Amino acid sequence: MTATAKADNLIEVHDRAALATARALLDSCANPQAMGAAITAAVARNARWRGEECINLLAPEAPTSPAVRALLSAEIGTRAAEGHIGPVNRWFAGTRHIDEVEALCIELLKRYFRCNYADHRMCASMIGNAVVYTALSSPGDVIMTAAQPVGGHSSNRLDGPAGAMGRKIVDIPFDPHELVVDIETFRKAAPLVRPRLVALGLSMTLFPQPVSEMKAIISDWGGRLFFDAAHQLGLIGGKQFQDPLKEGADIMTGSAGKTFSGPQSGIIVWDDPEITEAVTTAVFPVWAATHQVNRVAALALATAEAIAFGEAFMAQIVKNARALAAALDARGLPMLGRHKGFTTTHQAIADVRRYGRGLACAQTLERANIIVNKNLLPSDAPADWNTPGGLRIGTIEVTRNGMKEREMEAIADMIARVVVRRERPETVKNDALALRSGFRQLYYCFENGLPA
Ligand SMILES: *Cc1c(COP(=O)(O)O)cnc(C)c1O
C-alpha cells in the first residue's frame with residue numbers, strides 16, 4: 001500500500017482534503033529543504049492575507065506589538081527553566097537571568113491586576129483552568145459552570161479538562177434574554193448540589209455577572225468562585241469591566257492573547273494566601289514543566305504596555321464594540337443585548353438565523369476578507385450545535401490598528417452588504433482592502449503610542 005492509500009483508509013478527525021494536499025505538496029518537494037520552504041511560504045501567505053488584507057474581527061484574537069513579537073523569537077526561548085523562581089527551586093543551573101525575567105513578569109502582572117499573586121507559566125488558559133480544578137477541587141466534586149449556548153467554554157465542561165478530571169458538571173442557571181446568571185434560580189439550585197467550585201467562564205460575554213451575589217450564596221458551605229476571564233482579562237486590568245477578585249472571586253484565569261493582547265498563553269491571579277501553595281504547586285509540577293521563557297518575556301513586556309496604554313486601549317475597544325453593534329442592528333442584523341446597550345465588552349453578537357445561520361455567513365464574509373466566527377446563541381437547541389445561529393464579532397484588532405467609531409460604521413456597512421443585502425462578497429472585498437490599507441500601524445504600544 002502506498003503512503004497515500006494507507007492514509008486514505010485511516011480514521012481521521014482532521015479535514016482529509018487538507019492532509020491530502022499537504023502530502024501531495026511534500027511529495028512534490030525535491031528535498032527536505034524545499035519542504036521547509038513550503039512551510040515558510042504558507043506562513044508568509046497568512047501574514048499577507050490576514051496580517052495586511054483582512055478586517056480581523058475574531059473576538060479571541062489580538063495583534064501583539066513589534067517589540068512583543070520580537071521577544072517571541074529571543075534566545076531565552078531556547079533555555080530550560082522548570083519549577084519556581086530562584087536558584088534553589090530550579091532543577092537546572094544557569095537560570096539567573098531567566099529568574100529576573102520571570103520575577104519581572106509576576107510583579108508586572110500583580111500591578112496590572114492589583115492582586116497579591118500571579119502565575120505566568122501556563123502555555124494556554126485552558127491549562128490555567130486545569131490548574132484551578134486540580135488545586136481547588138477533587139474528582140467527584142460538583143462544579144457549576146455555564147453551558148455552551150449561553151457562552152460556556154469546553155474547558156469548564158464535561159468535554160474539557162474539568163470533565164476529563166472527573167468533576168461532575170451542573171449548569172449555572174442563566175437568563176437567556178438578559179445574558180446574565182439567573183441569580184434567583186441560582187439561589188435555589190446551588191444549595192441543592194452544594195458545588196465545591198462555581199466556574200464562571202463565558203466565551204460569549206457582553207455584560208457583567210453577579211459575582212458578589214454568587215459568592216455570598218456559595219460561601220454557606222465554603223464553595224469557591226472561580227472567574228474564568230479568558231476573554232475579559234485585558235478589560236478587567238484596564239478597568240473597563242467588573243473586577244471579579246474585588247467582587248469576591250477566589251481566583252481568576254485568563255488568556256493573554258485575547259483582550260489582554262499579549263502572546264497567546266494563560267495567566268492566573270488571586271489574592272488569598274491560603275490557596276497559594278495549592279495553586280502554585282498545581283502549576284508545577286502538575287501542569288507546566290518547561291514553560292517557554294521567550295513567551296514569558298513577551299508576556300512581561302505586554303503587561304508593561306498594558307500598564308501604560310491598557311485603560312485607553314480597552315476603553316476604545318468597548319466603544320468600538322458598542323458602535324459596531326448599534327450600526328449592525330440599524331442595518332438589519334438583530335444584535336443580542338440591544339435593550340441593554342448591546343455590549344460592555346469587546347464583543348457584539350448577531351443573530352443570523354434568518355440569513356442562513358452562522359457558518360454560511362462567516363464563510364461568505366471571509367470571501368470579502370472580513371473574518372468573524374460562527375457562534376451558538378442561547379436559543380440554539382442541541383440539534384443546532386453544528387450549525388450555530390449567531391456570529392461573534394470582536395473589536396480588539398481593529399482598535400489596535402487605530403480604528404474608531406467612524407470606521408465601525410464602515411465595517412457594519414460592509415457586513416450588512418454581504419449578509420443582509422447579499423451583495424457578491426468579492427465586490428465588498430475591494431472596500432475591505434481599501435479600509436484595511438489605511439490602518440496598517442499598531443497603536444497602544446511603546447513604538448507608536450496612542451492613535452491620533
Ligand atoms: C478561550 C477560552 C479559554 C481557553 O483559553 P486558551 O488561552 O485558548 O487556552 C478558556 N475559557 C474561556 C471562557 C475561553 O473563552
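The values are calculated or read from the model by the stated rules, or taken from the named source; none is laboratory data. Since the structure is predicted, the reported quantities are computational estimates derived from the model, not experimental observations. Cβ: placed from backbone, ideal geometry, glycine included. Neighbour counts: every protein chain shown.
Of note:
- Hits in region 352-400 - residues which are small (Gly, Ala, Ser) and over 22 Å from the mean Cα position of the chain (by Cα): Gly356, Ala360, Ala368, Ser379, Ala381, Ala383
- Helices (runs of 4 or more DSSP H) fully within region 6-104 counting 1 or more residues that are under 27 Å from the mean Cα position of the chain (by Cα) and surrounded by 16 or more Cβ atoms within 10 Å (Cβ to Cβ): 66-71
- Taking each residue of region 27-51 that is in the same structural domain as Ile396 (by TED's automatic domain parsing) and looking for partners that are of a type in the set (A, V, I, L, M, F, W, C) and surrounded by 11 or more Cβ atoms within 10 Å (Cβ to Cβ) with beta-carbon atoms closer than 6 Å, six or more apart or interchain, yields nothing.
- Residue identified as under 24 Å from Arg392 (Cβ atoms) and touching a residue at least 40 places away in the same chain (Cβ under 8 Å) among Ala59, Ala80: Ala59
- Flag for Thr395 being among the hydroxyl-bearing types (Ser, Thr, Tyr), exposed (fewer than 14 other Cβ atoms within 10 Å of the Cβ), outside the structural domain of Leu299 (by TED's automatic domain parsing) and at pLDDT 95 or above: no
- Scanning region 188-208 for residues that are more than 18 Å from the chain's Cα centre (by Cα) and in contact (Cβ under 8 Å) with a residue 12 or more places away in the chain yields Ala189, Ala190, Pro191, Val193, Arg194, Pro195, Arg196, Leu197, Val198.
- Qualifying residue in region 161-169 (condition: within 16 Å of the ligand (Cβ to nearest atom), assigned to a helix (DSSP H, G or I) and loosely packed, with under 14 Cβ neighbours inside 10 Å): yes
- Residue within region 183-205 that is modelled with pLDDT of 95 or more, out of contact with any strand residue (DSSP E or B) (no Cβ under 9 Å at 6 or more places or on another chain) and among the acidic types (Asp, Glu) present: yes
- Total residues in region 233-255 satisfying the condition of being in a helix (DSSP H, G or I) and at positive phi: the figure is 0.
- Members of region 264-292 found to be assigned to a loop (DSSP other than H, G, I, E, B) and among the small types (Gly, Ala, Ser), listed by number: Ser265, Ala288, Ala289
- Scope region 258-292; condition within 15 Å of the ligand (Cβ to nearest atom), surrounded by 21 or more Cβ atoms within 10 Å (Cβ to Cβ) and either at positive phi or among the small types (Gly, Ala, Ser) (or both); matching residues: Ser261, Gly262, Ser265, Gly266, Ala288
- Boolean, Val283 is more than 18 Å from the chain's Cα centre (by Cα) and among the aliphatic types (A, V, I, L, M): yes
- Filter pass, Glu178 being more than 14 Å from the ligand (Cβ to nearest atom), touching a residue at least 60 places away in the same chain (Cβ under 8 Å) and either under 30 Å from Gly337 (Cβ atoms) or assigned to a helix (DSSP H, G or I) (or both): yes
- Set Ser154, Ser138: member being surrounded by fewer than 19 Cβ atoms within 10 Å (Cβ to Cβ), of a type outside the set (Asp, Glu), within 16 Å of the ligand (Cβ to nearest atom) and in the same structural domain as Trp287 (by TED's automatic domain parsing): Ser154
- Residue match in region 244-252 (condition: closer than 17 Å to Thr343 by Cβ and either more than 19 Å from the chain's Cα centre (by Cα) or more than 13 Å from the ligand (Cβ to nearest atom) (or both)): no
- In region 321-360, the residues that are buried (at least 17 other Cβ atoms within 10 Å of the Cβ) and in contact with an Asp or Glu (Cβ under 6 Å, 6 or more places away or on another chain): Ala323, Ala327, Met335
- Being under 24 Å from Arg357 (Cα atoms) and either touching a His at 6+ places or on another chain (Cβ under 7 Å) or surrounded by fewer than 15 Cβ atoms within 10 Å (Cβ to Cβ) (or both) is a property that Arg421 has.
- Selection within region 329-347 - closer than 19 Å to Arg421 by Cβ and within 23 Å of the chain's Cα centre (by Cα): Met335
- Candidates Val428, Val419, filtered to the one that is touching a residue at least 40 places away in the same chain (Cβ under 8 Å) and out of contact with any Phe, Trp or Tyr (no Cβ under 7 Å at 6 or more places or on another chain): Val428
- Long-range neighbours under 9 Å by Cβ, at least six apart or interchain, first residue free of Cβ contacts under 8 Å to residues at least 60 places away in the same chain within region 125-144, second away from the ligand (no atom under 16 Å from the Cβ) and β-branched (Val, Ile, Thr): Val142/Val170; Val142/Val193; Ile143/Val170; Met144/Val170; Met144/Val193; Met144/Ile218
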